[in-house]
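The values are calculated or read from the model by the stated rules, or taken from the named source; none is laboratory data. Only a predicted model underlies this, so the values are computations on that prediction, with no experimental measurement involved. Cβ: placed from backbone, ideal geometry, glycine included. Neighbour counts: every protein chain shown.
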Amino acid sequence: MKPIEEVYPESDGGWWSDYDPLLNSFGWETVLKVDDKDYQGDSRVLFRDGDRYGLLLFGWGSCSGCDSLQACGTLEEVDELRATLRDQTIWKDSKAEMLQFVQERDWESQYSWHADETKEFVQKAVEALS
């Protein structure tokens with residue numbers, strides 16, 4: 001994993017709002033990423049690391065009161081957030097296992113099922129894993 005200072009090199013005591021550098025710093029391939037198309041919402045990410053596949057779902061907002069990254073005041077806090085997101089990633093040992101997980105997950109009971117982007121993610125994830 002990249003040192004956090006390399007992830008956000010232009011930090012000046014800062015303000016961070018773009019999760020992509022943080023996600024890319026894991027060193028995993030991003031197979032699929034679907035974000036809500038709004039000022040606040042959720043991101044759904046399918047990663048690949050060798051033969052393993054990971055699934056990460058997280059929410060974000062438009063201000064430091066409702067967005068974890070924007071609430072960070074130091075690079076150390078950003079690094080702690082990165083560790084949290086890394087640890088929340090659900091891993092399966094193979095493509096087939098992740099496909100089964102995505103197909104069998106009770107998506108409709110999830111808080112973000114109302115968003116068209118969640119339905120889009122599930123469909124595209126099944127296609128990518130089939």
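Are there any helices (runs of 4 or more DSSP H) wholly within the stretch 13-96 with 3 or more residues that are touching a Leu at 6+ places or on another chain (Cβ under 9 Å) and not acidic (D, E), and if so which?
In the stretch 13-96, the matching helices (runs of 4 or more DSSP H) lie at 68-71, 75-88.
Do any residues in the stretch 63-78 that are at negative phi and modelled with pLDDT of 90 or more have Cβ atoms under 8 Å from those of residues that are surrounded by 15 or more Cβ atoms within 10 Å (Cβ to Cβ) and charged (D, E, K, R), where the two are at least six apart or on different chains, and which pairs are they?
These pairs meet every condition: A71/E77.
Is it the case that the stretch 32-44 has a residue that's touching a residue at least 60 places away in the same chain (Cβ under 8 Å), basic (K, R) and closer than 27 Å to S130 by Cβ?
Yes.
Is it the case that some residue within the stretch 99-108 is surrounded by 15 or more Cβ atoms within 10 Å (Cβ to Cβ), in contact with an Asp or Glu (Cβ under 8 Å, 6 or more places away or on another chain), of a type in the set (F, W, Y) and closer than 19 Å to S130 by Cα?
no
Search the stretch 109-123 for residues being buried (at least 17 other Cβ atoms within 10 Å of the Cβ) and out of contact with any helix residue (DSSP H, G or I) (no Cβ under 7 Å at 6 or more places or on another chain), and hand back the single one that is nearest to G50 (Cα to Cα).
F121
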